[in-house]
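Below: the structure, in structure tokens.
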Amino acid sequence: MAQALDIDRWNLECEFNNTDHRTDLNGIDRLIVRRGQPFSISLYLRSGSYQPGVSSLDFVAETGPQPSEQYGTRASFGLSASIDTSCWSAAVTSPPGDMVALSICSAPDAPIGRYTLTLGHSARIEFILLFNPWCPGDAVYMDNKENLAEYVLAQDGIIFRGAYKHPIPTPWNFGQFESGILDVCLRILDMNPKYLKNPGKDCSGRRNPIYVSRVLSAMVNCNDDKGVLLGKWTGDYEGGVSPMLWRGSVEILRNWDTQACQPVRYGQCWVFAAVACSVSRALGIPCRLVTNYLSAHDTNSNLVIERYVNENGELVQSKEMIWNYHCWVENWMTRPDLKPDFNGWQAYDPTPQEKSEGVYCCGPTPVRAIKEGELTFKYDAPFVFAEVNADVITFMKKKDGSTSKVSSNALVGQKISTKSVGSDAREDITHLYKYPEERKVPLRLNYSKYGGQITEDNLIRLAALLLDYTTGDTTLAVRNVVLDNPEIKVRVSSKICDKIQTFGVFKTQK
């Protein structure tokens, strides 16, 4: 008959475990581990000793206020001969005796958050479980050491602001491992309306980085909830801090936490994105901040930006606009809810611009879906597609109230930028979001073919007819081109120069 172990005390081996799980930057005073990876604890028995095949120990892992096996927030398991990293499991790694070394592993798809682990009838320990991008079984797995160092562990980074022609790098401290920040991030999850409405279901959803990213997209702004930041885009920042003065996420997150979850004043796009990046990295999701120059804001999902100017050519205020730049974040994860080949970077935007499913949030949507024009994919693909690809139509509002369409060569979605891995240089990732918008193909024409068509003023009229075989459409382009006479330089030797001079004298004498 199996005999239950009589546990007197235990050691969570926090320093060893946190270091092994790359959470030691959070501190080593409590147990913080990543899912799908074993951790070790030591048990000291009050009486008896551990005997293989005779001793038994039951475990129950629970998270959230309403743990349930149905929701995956409660797991019961016993001792096994060896660890199974595909599910909750435990095994003894020490020889028989009154000290028992345990190896325990969570499922790689277990919900993240605060856990209690009950061992037998007398031991109850607490720990925090995070996403594990080092674990191949985790949905956020990233197989690149340098990328993991940059997108999970790096606490300092660069945000690109400025203008399309002059990107300006701005240093930012994400501070995801600073004291107390992880607790603030977990509190953000607990303050979201989905948790307050149905905590059991919400905690179950925390197994899924898609769900967590969408919650963060809504909770970093405060438009629908007790979110972190209040946005303001005018020059008067009375009663708060100008967005231009923030230099990191830590002060913002701590202020929100200590002020009873009242929104911190004020944020703009790069501040919203930076705070979201800090929270994503703190929870273990690889994340990077992205800047889109000349970013379109499409309000009616028609993928067209309608701009208005007055008769002086000055822009008239409208809901649809083109920002000089806009920032969002990308989280790395698989997308089992979509067809294959859309794993990897997923764009999500915490800046409150338009509502999605009744809430001010946006994404996550696969970056590749934006490039391939897959606009039916979850979530909010048309809005992100328009930010980088929208057509721009400009109308002139006349004094008599009438409008007329005017020509415009406005650009959208230029120099999409992020910080390079391992350096502060700007990496251009425009090619990940869109195909080249135009392709220049040089056409070489021999002078014998066109020489007779040149006018006395060195003008030639060129016409090009483009036929799209897929649609049958034709496009005609006509240009008047001014040809410059080539500059001809002749190099002659000094001996030839002497002969020319002699010949010149002879002619003069004649």
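The values are calculated or read from the model by the stated rules, or taken from the named source; none is laboratory data. All values derive from a computational prediction rather than experimental measurement. Positions of Cβ are backbone-derived with ideal geometry, glycine not excepted, and every protein chain shown enters the neighbour counts. Note: areas computed on protein heavy atoms with side chains; ligands, DNA, RNA excluded. Shrake-Rupley method; radii C 1.70, N 1.55, O 1.52, S 1.80 Å.
When N is the residue count of the stretch 332-377, what does its C-alpha Rg come to as a fraction of 2.2 N^0.38 Å? Each step should come with its number before you reach the end.
Details: Rg = 11.1 Å, N = 46, 2.2 N^0.38 = 9.4 Å.
Rg over 2.2 N^0.38 Å, computed on Cα atoms: 1.18.
Just name one of Gly64, Ala90, Ser80: the one whose Cα is farthest towards the positive end of the charge dipole of the stretch 1-101 (beta-carbon charges, Lys/Arg +1, Asp/Glu -1).
Farthest towards the positive pole: Gly64.
Pull out the extension gain between Arg30 and Asp109, defined as 0.36 nm times the separation in residues minus the alpha carbon to alpha carbon distance; nm, one decimal.
Values: separation 79, 0.36 × 79 = 28.44 nm, distance 2.23 nm.
That works out to 26.2 nm of additional length.
Rg to Rh ratio, the stretch 50-169, alpha-carbon atoms and Kirkwood radius? Spell out each step's value before the answer.
Numbers: Rg = 20.2 Å, Rh = 17.3 Å.
Across the stretch 50-169, the Cα-based Rg/Rh ratio is 1.17.
Run lengths n ≥ 4 of DSSP H only: what is the helix-derived mean residue ellipticity at 222 nm for the chain, with -39500 (n - 2.57) per run over all residues, to the nearest 500?
Numbers: 13 runs with 107 residues, N = 510.
Counting only the DSSP helices, I get -5500 deg cm²/dmol.
Give me the percent of the accessible area of the stretch 75-184 that comes from carbon and sulfur atoms, probe 1.4 Å, all protein chains in place. It would help to have the intermediate numbers written out before the result.
Numbers: 2340 of 4490 Å².
The nonpolar share, carbon plus sulfur, comes to 52 percent.
Could you tell me how far the Cα centroid of the stretch 45-75 sits from the Cα centroid of the stretch 318-379, in Å?
Comparing the Cα centres of the stretch 318-379 and the stretch 45-75, I get a distance of 40 Å.
Output the Cα-based Rg and Dmax of the chain in Å, rounding Rg to one decimal and Dmax to a whole number.
Over the chain's Cα set, Rg and Dmax evaluate to 32.1, 134 Å.
Let me have the relative contact order for the stretch 148-237, percent, based on Cα pairs under 8 Å that are six or more residues apart.
Values: 76 pairs, mean separation 14.5, N = 90.
Relative contact order for the stretch 148-237 comes out at 16 percent.
How would you order 72-84, 380-392, 126-138 from highest to lowest mean count of nearby Cβ atoms within 10 Å?
Ranking the peptides 72-84, 380-392, 126-138 by packing returns 380-392, 126-138, 72-84.
Which value does Rg/Rh take for the stretch 40-97 over its C-alpha atoms, Rh per Kirkwood? Kindly include the intermediate steps, with their values, before the conclusion.
Details: Rg = 13.6 Å, Rh = 13.2 Å.
Using Cα coordinates only, the ratio equals 1.03.
Report Rg(Cα)/(2.2 N^0.38 Å) for the stretch 5-113, keeping two decimals.
Values: Rg = 14.3 Å, N = 109, 2.2 N^0.38 = 13.1 Å.
Compared with the compact-globule rule of thumb, the stretch 5-113 sits at 1.09.
Please express the Cα-Cα pair-distance distribution P(r) of the stretch 201-275 as a list of whole percents, one per 10 Å bin, running from 0 to the bin with the greatest distance.
Pair shares across the bins are 19, 48, 26, 7, 0.
Determine the alpha carbon to alpha carbon distance for each of Lys232/Lys319; Lys194/Lys339; Lys226/Lys355; Lys232/Lys397; Lys371/Lys415; Lys226/Lys434 and list only those over 25 Å. Before the final figure, lay out the partial values.
Values: Lys232/Lys319 16 Å; Lys194/Lys339 27 Å; Lys226/Lys355 16 Å; Lys232/Lys397 28 Å; Lys371/Lys415 15 Å; Lys226/Lys434 36 Å.
Cα-Cα > 25 Å for Lys194/Lys339; Lys232/Lys397; Lys226/Lys434; rest within.
With r as the distance between the Cβ atoms of Thr299 and Ser402 and R0 = 30 Å, compute the FRET efficiency 1/(1 + (r/R0)^6) and round to 0.05.
The value I calculate is 0.85.
So which aspartates and glutamates pass the test for Lys449, namely a Cα distance under 20 Å, with those fewer than 8 places away in the same chain ruled out?
Asp457, Asp484
May I ask you to give the average projected area over all directions of the convex hull of the Cα atoms of the stretch 208-351, in nm² rounded to one decimal?
Values: hull surface 43.1 nm².
Taking the Cα atoms of the stretch 208-351, their convex hull projects to 10.8 nm² on average.
For Ser448 and Thr118 in the same chain, what is the full-extension length gain: residue separation times 0.36 nm, less their Cα-Cα distance, in nm?
Working: separation 330, 0.36 × 330 = 118.80 nm, distance 9.02 nm.
Full extension of this stretch gives 109.8 nm more.
For the pair Gln259 and Leu245, how long in nm is the line joining their label points, each one 7 Å along Cα→Cβ?
In this crude spin-label approximation the distance works out to 1.2 nm.
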